[in-house]
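The values are calculated or read from the model by the stated rules, or taken from the named source; none is laboratory data. Source: prediction; values computed, not measured. Note that we place each Cβ from the backbone using ideal geometry, even for glycine, and neighbour counts take in every protein chain shown. For the accessible areas, the whole protein counts, side chains as well, though only heavy atoms, and no ligand, DNA or RNA atoms are used. Shrake-Rupley method; radii C 1.70, N 1.55, O 1.52, S 1.80 Å.
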Amino acid sequence: MVFPNVILEQQRMEAAASYNIPLDPRTRGDLAVIVLLSVVYGIDLFAIVFMLWNRKYPPIKAKGPVLMACLFVCSVFWFIGDVQINGHAPLANSVFTSCRGFGIW
């Protein structure tokens, strides 16, 4: 993922302007947000795996590790959808263009 592609970004801005839709350009700030949150989710994944591995330990067992793992999976799906729906990541000419889930989302 390379940010920004000036030609595609300009076409995107012109298309939005023709429909009178306010649109912020994608910048390296969007990439920084995606990378930072992906690192946070990676650390959380490590914590979830550790928690499930040691789920018999009474203080962890009291917190509901399976429910917390399900909530983590839901938050990952939310993050992926949020990145796409808010336009932080370009989908054109990427592997995500053939994903039906993004069209339904």
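For the range 25-50, how many residues are open to solvent by 80 Å² or more (accessible area, probe 1.4 Å) and touching a residue at least 24 places away in the same chain (Cβ under 8 Å)?
Adding up the residues that qualify gives 2.
Which pairs do you get when a residue that is part of a loop (DSSP other than H, G, I, E, B), found in the range 51-62, comes within reach of a residue that is at pLDDT 85 or above, reach meaning Cβ atoms under 6 angstrom, with the pair 6+ apart or on two chains?
Arg55/Pro65
As an exercise: evaluate Arg12 against (1) surrounded by 14 or more Cβ atoms within 10 Å (Cβ to Cβ); (2) in a helix (DSSP H, G or I); (3) at pLDDT 80 or above and give the number of the one condition it does not meet.
Failing condition for Arg12: (3).
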